[in-house]
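Data block below; observations after.
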Protein chains: 4
Amino acid sequence: MADFQENETVRMEAFSDGVLAIIITLLTFELKAPEFKEEYTSRTLFWELLKQWPAYVAFLLSFATIFVIWVNHHRMFNVIRRSDAMFLYLNGLLLLLTSLIPFATNVLATYISTSADELPVAFTMLLFGAIAGTFSLMWKHATTDYRLLKRPAADVRVRMVQNGFLISASIYAGSALLALLLPMVGILIGLLMVVYLSRLKYDRQKVV
Amino acid sequence: MADFQENETVRMEAFSDGVLAIIITLLTFELKAPEFKEEYTSRTLFWELLKQWPAYVAFLLSFATIFVIWVNHHRMFNVIRRSDAMFLYLNGLLLLLTSLIPFATNVLATYISTSADELPVAFTMLLFGAIAGTFSLMWKHATTDYRLLKRPAADVRVRMVQNGFLISASIYAGSALLALLLPMVGILIGLLMVVYLSRLKYDRQKVV
Amino acid sequence: MADFQENETVRMEAFSDGVLAIIITLLTFELKAPEFKEEYTSRTLFWELLKQWPAYVAFLLSFATIFVIWVNHHRMFNVIRRSDAMFLYLNGLLLLLTSLIPFATNVLATYISTSADELPVAFTMLLFGAIAGTFSLMWKHATTDYRLLKRPAADVRVRMVQNGFLISASIYAGSALLALLLPMVGILIGLLMVVYLSRLKYDRQKVV
Amino acid sequence: MADFQENETVRMEAFSDGVLAIIITLLTFELKAPEFKEEYTSRTLFWELLKQWPAYVAFLLSFATIFVIWVNHHRMFNVIRRSDAMFLYLNGLLLLLTSLIPFATNVLATYISTSADELPVAFTMLLFGAIAGTFSLMWKHATTDYRLLKRPAADVRVRMVQNGFLISASIYAGSALLALLLPMVGILIGLLMVVYLSRLKYDRQKVV
């Protein structure tokens with residue numbers, strides 16, 4: 001590792017990769033075989049598996065959101081050269097909030113098909129919004145005076161990314177409110193946000 | 001990390017390695033000590049452990065398949081030089097499908113020795129087939145016009161690998177159908193496919 | 001990896017990163033949805049979620065402490081050039097003690113709001129103190145005769161870091177005693193120690 | 001990553017590190033708070049925690065053994081330059097066997113203090129023996145004609161390491177038999193083997 005400065009964020013990325021990889025994988029723990037009953041045939045088992053749809057919806061929403069969090073983390077660190085203490089703690093906050101997603105998913109999967117379905121969706125959307133807000137703080141801190149950026153920083157789309165995170169945080173907050181009336185619409189917006197967040201461009205040149 | 005372009009897929013590989021390592025390790029969670037009963041001796045415990053054979057079969061099939069997925073992922077990235085957005089999302093789809101294997105294993109271990117044994121095997125085979133299909137899409141995308149390949153691309157066995165994945169996807173799909181009649185034959189084919197998939201060669205020169 | 005000596009601690013850091021990332025992520029397993037009851041509405045679910053505050057407090061304390069353990073591990077290895085057998089085993093001891101934190105968190109979350117609340121807090125504080133003590137042994141071993149340090153070692157604040165760990169170990173031990181009388185004060189001290197330990201400086205120049 | 005050949009085992013090490021880090025961390029899942037009872041005080045909780053000693057013994061034995069497996073894996077790859085297909089699969093077998101340790105630990109912790117204590121200890125020792133045997137196969141394959149070794153291979157203590165693994169495998173097999181009579185002696189030998197295996201030297205020069 002010739003250049004020490006290039007190397008500075010390597011372990012931070014490795015630790016974050018580890019945490020994000022574990023969080024995304026632990027989601028499958030929500031998915032369990034229906035409890036065995038003696039009289040089950042493949043046909044009845046099929047319907048029992050279908051009845052677990054709330055768990056599948058919660059799993060898909062959370063998996064896609066965590067994947068897009070990783071994609072943005074990856075892209076942001078692609079244009080960042082070094083770190084400082086504040087950036088380290090903001091990254092820690094990001095990991096803390098993201099590691100609450102399996103908990104939110106658990107609540108969501110348990111209550112999405114019950115009469116208490118508004119709160120879990122609103123809570124999940126608020127959590128996603130807080131994550132987008134933390135991304136926005138990280139980006140703000142990294143780009144002020146081009147503090148932590150790689151040269152040539154001229155290629156970095158500072159404002160476009162910042163706007164992207166602020167818009168996302170606002171939409172998530174709005175859909176948290178909306179979820180109190182129409183929970184399923186909240187989930188739909190959550191899925192659409194994955195598409196939006198997957199398209200933030202950090203660099204004029206590179207596409208990944 | 002002297003060459004930036006060489007470096008481009010490093011974090012994608014690290015994240016994928018993390019996810020695959022976690023998925024393969026979580027499989028052991030299927031394996032639990034038989035519930036303690038006061039009168040057990042080592043002899044009765046031995047038979048109780050043997051009675052858990054469905055869990056062992058499901059564990060072995062899934063462990064071997066995930067390992068061979070990792071081997072192919074590793075070999076494919078060995079001849080790939082860079083990434084783009086589409087390749088990133090195909091890789092995300094691959095991880096999503098692979099992270100469903102512990103769920104399939106859980107269903108398989110619960111129902112493999114019951115009268116509802118056809119569906120779990122068919123579901124597992126379909127999942128494996130979808131994973132082989134995703135590999136084929138990744139390879140297609142990476143090799144069209146030698147887009148993402150390392151030079152010298154001439155050494156890469158483009159068509160042979162593509163055929164390997166398409167054949168695998170077809171056999172898995174066929175054994176999903178077959179499993180509806182003869183579930184155990186489906187599992188046997190799944191184990192044989194591990195051997196087949198471990199022998200795909202991406203490069204004329206290198207063997208790993 | 002041009003320089004072999006620089007490379008020497010890379011895999012030790014990678015393994016430690018992996019273990020710490022998994023430990024910090026497994027903490028979320030403490031957080032579970034309240035068991036479903038037919039009559040729940042979003043309003044009652046909200047209060048049921050609030051009632052789980054002991055789990056949230058235990059989660060927050062443990063997450064913040066493990067993160068600050070990672071930060072110090074990261075900073076220490078930033079000024080360390082190579083490893084030897086003793087350092088390897090001290091690192092293993094550190095990982096062993098840290099991997100007991102989820103167990104301590106589990107006991108804490110279960111008993112923090114009961115009449116048996118003194119012991120779990122005292123146990124947790126003792127564990128944190130033992131971790132600080134192990135850090136101090138690692139640092140002592142690495143810095144004696146500047147054995148394992150990177151050049152220029154003159155920039156390394158050897159004594160200041162050593163004092164920081166010894167002070168931390170003492171405060172944790174003291175708050176373990178205090179926790180036998182006032183458990184909640186013990187938890188508060190634990191949270192304050194996170195702030196203190198996040199500010200240890202290993203290098204006169206670098207801030208991360 | 002200038003030298004492609006140096007790089008060849010990097011991802012294999014990363015994947016193995018990931019799997020080993022997860023396995024060692026999952027062991028803590030054995031350790032759970034004693035079930036809450038209304039009348040518990042810190043004093044009674046203390047004794048309830050002590051009563052879980054079988055889980056602590058099983059945890060300690062498994063943690064130490066997996067750590068020493070990682071240490072040997074790390075040291076072996078320190079003197080290995082490249083990989084081939086057979087080495088890849090032997091490494092997969094090593095990971096498969098190692099990932100059974102949490103299962104063995106679970107059986108051990110459940111039955112160590114019952115009348116069925118012989119079998120779990122014997123099974124654990126056999127598993128450890130099979131792991132030592134797999135290490136010996138990997139080393140045999142890597143060192144025949146100095147196939148996969150780094151230059152200068154003259155410094156590598158080929159025979160000494162091979163003997164170390166064969167001796168370990170034999171002692172583990174012997175203590176599996178012994179455990180059928182004296183289970184606790186089997187566990188003691190298991191702990192002593194950790195010390196023995198931590199002292200295998202792969203290189204005349206380097207100590208780590």
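Who wins for biggest fluctuation among A:PHE46, A:PHE15, A:PHE135 in a Gaussian network model of chain A, springs between alpha carbons below 10 Å?
Highest fluctuation of the listed residues: A:PHE46.
Which FRET efficiency, nearest 0.05, do B:LEU191 and C:ARG157 yield, Cβ-Cβ r, R0 51 Å?
0.30
Let me check the size of the stretch A:8-198 from its C-alpha atoms; what are the radius of gyration and Dmax in Å?
Values for the stretch A:8-198 (Cα only, Rg and Dmax): 18.9, 68 Å.
For D:HIS141, what charge total do you get from the other residues with a beta carbon under 14 Å from its beta carbon, if Lys and Arg give +1 and Asp and Glu give -1? Walk me through the intermediate numbers first.
On the way: positive: D:ARG81, D:ARG82, D:LYS140, D:ARG147; negative: D:ASP84, D:ASP145.
Spelling it out: positives minus negatives among the neighbours equals +2.
Would you mind checking the radius of gyration and Dmax of the stretch A:129-208 based on alpha-carbon positions, in Å?
Using the Cα atoms of the stretch A:129-208, the pair Rg, Dmax is 14.7, 48 Å.
State the three equivalent ellipsoid semi-axes of the stretch D:1-103, derived from the C-alpha gyration tensor as the square roots of 5 times its eigenvalues, in descending order and whole Å.
Working: eigenvalues 329, 28, 23 Å².
Values for the stretch D:1-103, descending: 41, 12, 11 Å.
From the label point of B:LEU93, set 7 Å along Cα to the beta carbon, how far off in nm is each other copy's matching point, shortest first?
3.7, 3.7, 5.2
Calculate the mean, over all residues of peptide A:197-203, of how many other protein chain Cβ atoms lie within 10 angstrom of the residue's Cβ.
Average neighbour count from other chains, rounded to a whole number: 1.
So what is the diffusion coefficient of the protein assembly as shown in µm² per second by Stokes-Einstein at 20 °C and 1.002 mPa s, using a Kirkwood Rh over Cα pairs?
Result for D is 76 µm²/s.
Report, in degrees rounded to the nearest 10, the 0 to 90 angle that the Cα long axis of helix C:85-98 makes with the longest principal axis of chain C.
Roughly 10 degrees, rounded to the nearest 10.
Expressed as an acute angle from 0 to 90° and rounded to the nearest 10, what is the orientation of the C-alpha long axis of helix D:101-111 relative to the principal long axis of chain D?
Compared with the principal axis, the helix lies near 20 degrees.
So the label point sits 7 Å from Cα along the Cα-to-Cβ vector; using that for B:ARG43, what distances do you get to the other copies, in nanometres, sorted shortest first?
Here the equivalent label points are 4.6, 4.6, 6.5 nm apart from this one.
Rounding to the nearest 10 and keeping the result within 0 to 90°, find how far the Cα-based axis of helix D:53-78 lies from the longest principal axis of chain D.
Computed tilt is about 10 degrees.
Subtract the Cα-Cα distance of C:SER115 and C:LEU180 from 0.36 nm times their separation in residues, and report this length gain in nm to one decimal.
Stretched fully, the C:SER115-C:LEU180 segment lengthens by 22.2 nm.
At a 10 Å Cβ-Cβ cut-off, how would you order C:THR25, C:THR134, C:THR41, fewest neighbours first?
In order of increasing Cβ crowding within 10 Å: C:THR41, C:THR134, C:THR25.
Would you mind calculating the relative contact order of the stretch A:46-158 from Cα pairs under 8 angstrom and at least 6 residues apart, reporting the percent as a whole number?
36
Above 12 Å lies some portion of the pair distances; for the stretch A:125-169, what is it as a whole percent of all C-alpha pairs?
Tail of P(r) above 12 Å: 59 percent of Cα pairs.
Under 28 Å between alpha carbons, and skipping anything fewer than 8 positions from A:LYS37 in its own chain: which lysines qualify?
Within the straight-line limit of under 28 Å, A:LYS37 reaches these lysines: A:LYS51, B:LYS32, B:LYS37, B:LYS51, C:LYS32, C:LYS37.
As a check on your grasp of the helix formula, calculate [θ] at 222 nm for chain A: sum -39500 (n - 2.57) over DSSP H runs of n ≥ 4, divide by the residue count, round to the nearest 500.
So the calculated ellipticity at 222 nm is -23000 deg cm²/dmol.
Only Cα pairs under 8 Å and at least 6 apart count here; give the relative contact order of chain B as a rounded whole percent.
25
Starting from a label point 7 Å past Cα on the Cβ side, list the distances from C:VAL185 to the same position in the other copies, nm, shortest first.
Listed shortest first, these distances are 5.3, 5.3, 7.5 nm.
Values quoted throughout were computed directly from the atomic coordinates according to the rules given, and no laboratory measurement underlies them. All values derive from a computational prediction rather than experimental measurement. Every residue, glycine as well, gets a Cβ built from its backbone with ideal geometry; the counts of neighbours run over all protein chains shown.
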